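The values are calculated or read from the model by the stated rules, or taken from the named source; none is laboratory data. Here the structure is a predicted model, which is why all the values come from computation and not from measurement. Every residue, glycine as well, gets a Cβ built from its backbone with ideal geometry; the counts of neighbours run over all protein chains shown.
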Amino acid sequence: MAIKNAAIFYNEHKDASIRAARSVRAFMAKLGVKSRLVPSCERGRWHSGADMVATVGGDGTVIHAARELAGREIPLLGINSGTLGFLSAVEMRGVNKILKSVLRGDFRIQERTLLQVEASKDKKFRLKEALAFNDCVVRSVEPRAITLQVQFGGGFVRNFFCDGLIVSTPSGSTAYSLAASGPIVHPAVQALILSPICPHSLSQRPLVLPADSRISMTALRAGQPIHAQVSLDGQEHHKLGPGESICVCRSEKKLRLMLPQGYDYFEVLSRKLKWG
């Protein structure tokens, strides 16, 4: 499929991303591709009519667009103008050569999993079907450890005494979960990763769980329900009341990620993590 119309979704808060987005647009115009610049603060149907979305920025820009595009047929190509860029398939250095190939239809699609997050008490929902691309983090509203009572698939797992818990997708396994000593999980694996943050016991280790069931969490202190905070991709934050349960599962909505021919996940890992 050749690309005729594109939306360029960029981080308007960074000069490097603004310059890069303008450069990408100018190159698309030379190839006869219509495009429009969309700042990441934009809401609504900014992607309407686009054959693809190119994000220009860092991983945060990709994540922001991913939640907007989840469940849609419009594919996303990440172009990294930030620092790390785990989620971007293309670096600005040499972008024109790869972009030329991609715009002519020489790419493949990889579907990426998202999380669906709900928070409720007595069937009253504070959060319902909220989406996260990388991770959902549950922690105390105060800078102290809490107990998080965890169930999986309706069965009790254990009480984690820690600073918080991260539930991540395989895409998010190289983000906050990795910093919390979680495993790197290939994006093609259907799994959820549960990683405790600063657990007070060395036996409380990260868990890799099947993706077809639900993780439920309730925040406790001294056995009593307490307030908690849930963060989605580090971009959305919600305060929960005592006794509200957080439920996390795999969303039915997928992100269609564009990958240039020759893209190698392990080469990206090696380069970004400096594996020698």
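Here are a few things to note about the model shown:
- Some residue of the range 58-65 being more than 30 Å from SER213 (Cα to Cα) and part of a loop (DSSP other than H, G, I, E, B): yes
- Among the residues of the range 225-276, those identified as within 17 Å of ARG112 (Cβ to Cβ) and in contact with a Cys (Cβ under 9 Å, 6 or more places away or on another chain) are LEU232, ASP233, VAL248.
- Filtered residues of the range 42-63 (kept if on the phi < 0 side of the Ramachandran plot and buried (at least 21 other Cβ atoms within 10 Å of the Cβ)): ALA50, MET52, VAL53, ALA54, THR55, VAL56, GLY58, ASP59, THR61, VAL62, ILE63
- Qualifying position, being surrounded by 13 or more Cβ atoms within 10 Å (Cβ to Cβ) and of a type outside the set (A, V, I, L, M, F, W, C), among SER270, SER216: SER216
- Restricting the range 74-107 to residues that are small (Gly, Ala, Ser), at pLDDT below 95 and under 23 Å from the mean Cα position of the chain (by Cα), the residue that is surrounded by the fewest Cβ atoms within 10 Å (Cβ to Cβ) is GLY82.
- Residue list for the range 1-38, filter: closer than 15 Å to VAL62 by Cβ and in a strand (DSSP E or B): ALA7, ILE8, PHE9, TYR10, VAL38
- SER201 being part of a loop (DSSP other than H, G, I, E, B) and in contact with a strand residue (DSSP E or B) (Cβ under 8 Å, 6 or more places away or on another chain): yes
- Filtered residues of the range 32-41 (kept if modelled with pLDDT under 95 and either within 17 Å of GLY71 (Cβ to Cβ) or buried (at least 16 other Cβ atoms within 10 Å of the Cβ) (or both)): SER40
- Single unsatisfied condition, SER173 versus (1) part of a helix (DSSP H, G or I); (2) without any contact (Cβ under 8 Å) to a residue 12 or more places away in the chain: (2)
- The lone exception for ASP233 - which of (1) crowded, with 19+ Cβ neighbours inside 10 Å; (2) of a type outside the set (S, T, N, Q); (3) closer than 23 Å to ASN159 by Cβ; (4) in contact (Cβ under 8 Å) with a residue 24 or more places away in the chain it fails: (3)
- With respect to (1) without any contact (Cβ under 8 Å) to a residue 60 or more places away in the chain; (2) at positive phi, the lone exception for GLY85 is condition (1).
- The set of residues in the range 10-50 that are under 19 Å from ASN96 (Cβ atoms) and in contact with a Pro (Cβ under 8 Å, 6 or more places away or on another chain) contains only TYR10.
Conditions tested, residue by residue: (1) at pLDDT 95 or above; (2) touching a strand residue (DSSP E or B) at 6+ places or on another chain (Cβ under 9 Å); (3) surrounded by fewer than 18 Cβ atoms within 10 Å (Cβ to Cβ).
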| site | (1), (2), (3) |
| --- | --- |
| ASP122 | no, no, yes |
| PHE125 | no, yes, yes |
| ASN134 | yes, yes, no |
| VAL137 | yes, yes, no |
| ALA145 | no, yes, no |
| VAL150 | yes, yes, no |
| GLY154 | no, yes, yes |
| ASN159 | yes, yes, yes |
| ILE166 | yes, yes, no |
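- Among residues of the range 139-167 that are in contact (Cβ under 8 Å) with a residue 60 or more places away in the chain, those with a beta-carbon under 8 Å from a residue that is among the acidic types (Asp, Glu) at least six positions away or on a different chain give the pairs ARG139/ASP163; SER140/ASP163; ILE146/ASP163; VAL167/ASP135.
- Total residues in the range 217-270 satisfying the condition of being part of a strand (DSSP E or B) and not hydrophobic (A, V, I, L, M, F, W, C): the figure is 18.
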